[in-house]
1. When you check residue A:96 against the structure, is it within 29 Å of residue B:17 (Cα to Cα), open to solvent by less than 10 Å² (accessible area, probe 1.4 Å) and free of Cβ contacts under 8 Å to residues at least 24 places away in the same chain, yes or no?
2. Quick one: how many residues across the stretch C:217-253 are open to solvent by less than 10 Å² (accessible area, probe 1.4 Å) and polar (S, T, N, Q)?
3. Consider residue C:256 carefully, then state whether it is farther than 17 Å from residue B:104 by Cβ, away from chain B (no Cβ under 14 Å) and open to solvent by 20 Å² or more (accessible area, probe 1.4 Å).
4. Can you name the residue in the stretch A:207-242 that is touching a Leu at 6+ places or on another chain (Cβ under 9 Å) and part of a helix (DSSP H, G or I) and, of all such residues, is most open to solvent (accessible area, probe 1.4 Å)?
5. Take residue D:76 and decide whether it is of a type in the set (Lys, Arg), open to solvent by less than 60 Å² (accessible area, probe 1.4 Å) and within 9 Å of chain C (Cβ to nearest Cβ).
6. In the stretch C:103-113, what count of residues is obtained for those that are more than 7 Å from chain B (Cβ to nearest Cβ) and more than 20 Å from the chain's Cα centre (by Cα)?
7. For the stretch A:53-93: of the residues being acidic (Asp, Glu) and either within 14 Å of chain C (Cβ to nearest Cβ) or touching a residue at least 12 places away in the same chain (Cβ under 8 Å) (or both), which is surrounded by the fewest Cβ atoms within 10 Å (Cβ to Cβ)?
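The values are calculated or read from the model by the stated rules, or taken from the named source; none is laboratory data. The structure displayed is predicted, hence computed values, not measured ones. For neighbour counting, all protein chains shown are included, and Cβ atoms are generated from backbone atoms with ideal geometry for every residue, glycine included. Note: areas computed on protein heavy atoms with side chains; ligands, DNA, RNA excluded. Shrake-Rupley method; radii C 1.70, N 1.55, O 1.52, S 1.80 Å.
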Amino acid sequence: MPILDQPPKFGRRSLLKLTGAACLTTAMPLPTVAAAQTTEPVKIGVIIGLTGSAAVAGNDSYRAMQLGAEEVNEAGGVLGRPIKLIVEDDEGRPKSGVEAANKLADVDKVAACIGAYQSSIALPVGRLLNEKGVVWVTDATTNDLKTVGPYLFNVAGIAEQAVALVDFVKADKAGAKKLTGIFQNNPIGQDRAKVSEKRAKELGLEWIPALLYQPGATDFRTELQQVVNAGADAILTDIYDSDAPIIQRQLVELGMGDFSNTYSYNPGAYGTLEPNLIEGIKGLNYITGGIRAEAFNKKFLEKFGHIYTDAWGGPPFYDAVWIVATAINLANGLDRKKIRDAMWPAAYHYLGVSGNGDKGFNKWGMQASDQYEKLAYKAGKMVPLSKGPENIVVFRYSDDQGTPLSHAPSEEQNQQLYPGYKP
Amino acid sequence: MDQLANFGIYLMGITSISLMLAISLDLQVGNCGIVNFGQVVFLTVGAYATAIALGRGSGAVPAVCWGVLAGVLFGLLMSISVRNMSGTYWGILSLSLAEIVRIIALNERWLTGGANGISVLVTVQYLPWIIAGSTLAVLLLVGLLLGSPFGRTIRLIREGDRLPMALGKNVLLLKMETMALGGAIGGLAGAYYALMQRYMSPDDAKPIETFIIWAMVVVGGRGNVWGIVLGTVLIQAFYTGTRFLTGLFDIPADTLAALRLVTIGLLITLVTMFRPQGLLPERRRIYPL
Amino acid sequence: MNFAQVLVNSLITASELGIIAVGLTLTFSLLKFANFAHVETAVAGAYLAWTLNVRLGLNFAVSIAAAVLVMGLAGVVIDRLVFRIFRNADDVAPMIASLGLAIAIRYSMQAIFGPRFLRYDFGIAPGMRIVGAFVTRQQVWILGIVLLAIVGFHILLQYTTIGKAMRATSTNPELAQASGVNTEWVIAWVWFLGTAFAALGGALVAWDTQLVPELGFNLVIPVFCVVLIGGVGSVYGALLGALVVGLAVNFGVAVNFAPLANLIGGADWVSSLRIPADYKPAIVYLAVVLILLLRPSGFMRRELA
Amino acid sequence: MTALLQVRGLHCAYGADEIIHGVDIEVSPGEIVTILGPNGCGKTTLVKSILGFVRATRGEIYFRDRELRQLRPTERAALGIGYVPQLLNTFKPLTIAENLEIGGYRLRRSERNAAMARMLALFPLLAERRSQLAGTLSGGERQVLAMARALIMSPCLLFLDEPSAGLSPLRAHEVFQHIRDIAATGTAIVIVEQDVQRALAISNRAYVLVTGQVVMQGPAASIATDERIGRAYLGAKMRGPVSKPPPLTPIAPA
């Protein structure tokens, strides 16, 4: 059982994190070991879709990174030097993303790269940067990320966690027998549909073929009717960005505005909509939680005038900047391999704002565990389903039981994990 | 310094791939008058065929051959529907075929990996150099071919089907040959693309990629191999060069990113406005009767 | 399957695609090149209407009317600035110029308005029930406006001097000039009307759905398909093409083809045979391929009529 | 008597290819001039450059003492130059009445209506079918419609490109009859024609154009009887010397 519905334990690591968090929240200088040789900024590359099909999440993500970089610099920067983000637009085109990665690695000679909201960009960029030996931190979510190599890190969990929502539906909706879903026809949507179908069947539920909708299209009416009228007891939805308002609107206009059986993978995506478009939707939101989250949200709102629309497009990237900065400090230099190895301890001891703050990596460089909270839209507001610890869902991956590593895997381990990897 | 050289080598490789696609397109549109709006489909089938072959344990060379073969087959398939369809009609038809291929690649996960695409785990040493060498060979081949009787005949087709028909040429066959050759070059480009990107996904197959290749051909000069080279380098320079400009301005990153693409769009428009025949137009030769 | 509802959905799709396609086919018929910037001007018009409606708080109808007018004039300006140079060139150079312009317009919209979705100033409520189908108030308006625009356009084309001059110039520009028709003036009118129709279409699509900078990206190819299915340069063909596409994509997804297959393959061969919704975008392209293979120049003849 | 149209040293080109290399032509008011020449000699190009459709690279074109080269085709038409092109001579999807209306596009509504009434009276054939589409007419009928369309503006110079192309001899005869009638009203006419004999029969003068240059000019009657021309340049087999040129209608200068 990969899922354990339990509150986070208050153990050794949490204590460690609390002290770390105290440092961070009071903007104490980070422990820098090396004496400052130069004040020239340390460059960190960013590859993100500022234009194109994922531009909304992409821009929010970059804003979160800017916020992170600003805080790191306020706290004294890395190695006594400020960090500087060099942002490249991937236009939503893999070709453009790889070009940007080549430029960042070879021309700007960045210490590490962060970015890619879309898997079709995260994967080729990841392969390239692994070859070049540059740390690549992404929050894309396809399961294939695990195969890329030791320089790839994921800060937001991968598609396997989709089982959590199916479990939630089964627990929440007594007597639900038939499930179906509405998924974006892209890497994450296809992965989640597959994982959900498998999980539903494992739980003995019937799965009606899901709707995979074309992102960016304007007319979903007929297919929405098909899926809603298929007689499912609950509909799982995985809808993002600009598709959420249009799909909700068309559902309401077609008289299918009863959302009491809608369960979302990403309820945050509905946050900016009118109450009558969302009333009753429940879901598992990727937690922006932990003791620093409130401050982060407040700062984001103050600085940019709005809140990020998507729990994946923002907070994880803010954490990524902090983790990379900490890793550079721990590596005590700009050696890319040392930075890579420092990523594990950096994340292990770091207390972030996404996924309830627990950011430790497993041996694959993926999130060891993810935390979600059960949410519901009531009276137009997104509220926790309940107040107690049972409202938090901790998802642990099956391959390592959710154990984060406090130190990097050895090169021998890496060679076992990634066939063809050469140190 | 050697890192900078690495970036140069990467650009050489990726530009060579674009150049192959542009030459393939020019063979069709600049010489034979076939308005192919679905050019990216050759890259798509070539790259997928290569990636699938590699995934099933094939070696790099046979995999590239599969890519070329896929390009040729698709070229033939497209040319069957050409027949005597004219300009824009054939253009949208080819675009539709390319989109159908992309949508199949997006949804048939057992074959193509769906939206997640296919990763290529094979590393080829000196790949950018191999690609550049192949591109030179293709350039040479196409240059020779265009000077040959075959080249002259397909240029006749560009001006209309009637004259070559009157001369007893089998126009459909010639168009099929041109499309097969174009498909082979495009398929080769696709095979190299899969090896170079180490990945192929439906996002690489969107119509915008076709339009960028079109811009290369038209900006450079249809029917002139040197024009195509210049056009490809120039458009690539627009895309890559503008990345270096963005650091100079102090405006929000999203606005800047959008303005970068606005600049690229305007540059393409301006070049075509002032050189409608391309920067290096085709030299019209008069052959003695 | 709710037949009435699918029909309504098809009609809405058709009218939105149709009104944009009419504008495109109009410029196509006179200038003989594929204007890729057309759909982007539709989106620009929709953004302009949004600015007037939401930012400046103008009445919605006034906003749309003003946006349509302004975009029409903008079309004339675009022609003067960019496309006039290509009057005697072949069809490829202006097409690429329009492509560059399309990219420029699309990302200008993003630079100005940001990537987030925008919506006109009105509330969303379930539609009225008409013969078992839900139809919203704005959909009724859209159908009405499109119908009115088409009838108006028909009258203009058939009964006014400028309309006749447009048709004449479209069939035989040289002869029109030799007859003393000021073709530049006619072309200016065509740009005005074509772009105005685009803006109207864009605003109506945005009214029925929402506004994002990528809207044009998702509309441009279906609109070209519509134009082509109808026959390039044929206004009524474009409407027919829109209807074909609207019906095909909606019924294609909704209909269970099993009975049909059973007719061919014997009784109870299959129980359910549907086109999965993930293939919905392919239906348009499939329609293009099938129709062009059967009728290589679309449904209608080429001339503007 | 000053010439109505005067072309001096005209060169013109399609793109980079020069087609006409220095041509001089004169047309006086009210006369019929034929331009002869083998296929591809540049006859149509010459006419199109006078009308403004083909770029003139060098030389001068004067019409009623006005230099035309800077004017657009529309403006040249407005000065009183009519044109009936070869084959594509009508707006096929338009009705006959609409074709005439386009012909009179520059006139005010009342003038246009009057001119249309005049044309319909002149060509009763058209009056019967005024709401029929031009595309449904026969070749000869289309030629008549095309002339009516060009005449509606009462031009002082009318170019006819191959008026007999694709017509049966009987129809061609009728068309040439019409041409003669038109000239009788004082309109100067320039005919580009393959049907050498018939054209020369109604012409006053003729020019022979070969590979973009005028190689011979003179009175129509003498050119018609010159056997060398028929053999060397026109590619048309002359039916021996014509014994007597048909009588020409006397032409009164406008």
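1. Details: within 29 Å of residue B:17 (Cα to Cα): yes; open to solvent by less than 10 Å² (accessible area, probe 1.4 Å): yes; free of Cβ contacts under 8 Å to residues at least 24 places away in the same chain: yes.
The answer is yes for residue A:96.
2. Count: 2.
3. On the way: farther than 17 Å from residue B:104 by Cβ: yes; away from chain B (no Cβ under 14 Å): yes; open to solvent by 20 Å² or more (accessible area, probe 1.4 Å): yes.
Spelling it out, residue C:256 is indeed farther than 17 Å from residue B:104 by Cβ, away from chain B (no Cβ under 14 Å) and open to solvent by 20 Å² or more (accessible area, probe 1.4 Å).
4. A:226
5. Working: of a type in the set (Lys, Arg): yes; open to solvent by less than 60 Å² (accessible area, probe 1.4 Å): yes; within 9 Å of chain C (Cβ to nearest Cβ): yes.
So residue D:76 passes the test.
6. Quick first cut of the stretch C:103-113, residues more than 7 Å from chain B (Cβ to nearest Cβ) only: C:105-106, C:109, C:112-113.
Keeping just the survivors that are more than 20 Å from the chain's Cα centre (by Cα) gives C:112-113.
So the answer is 2.
7. First pass over the stretch A:53-93, keeping only residues acidic (Asp, Glu): A:60, A:70-71, A:74, A:88-91.
Remaining after also requiring either within 14 Å of chain C (Cβ to nearest Cβ) or touching a residue at least 12 places away in the same chain (Cβ under 8 Å) (or both): A:60, A:71, A:74, A:88-91.
On the way: A:60: 28, A:71: 19, A:74: 11, A:88: 25, A:89: 29, A:90: 31, A:91: 26.
The qualifying residue surrounded by the fewest Cβ atoms within 10 Å (Cβ to Cβ) is A:74.
For every residue, the table says whether it meets (1) in contact with a Leu (Cβ under 7 Å, 6 or more places away or on another chain); (2) open to solvent by 10 Å² or more (accessible area, probe 1.4 Å); (3) not in a loop (DSSP other than H, G, I, E, B).
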| position | (1), (2), (3) |
| --- | --- |
| D:71 | no, yes, no |
| D:82 | yes, no, yes |
| D:99 | yes, no, yes |
| D:105 | no, yes, no |
| D:112 | no, yes, yes |
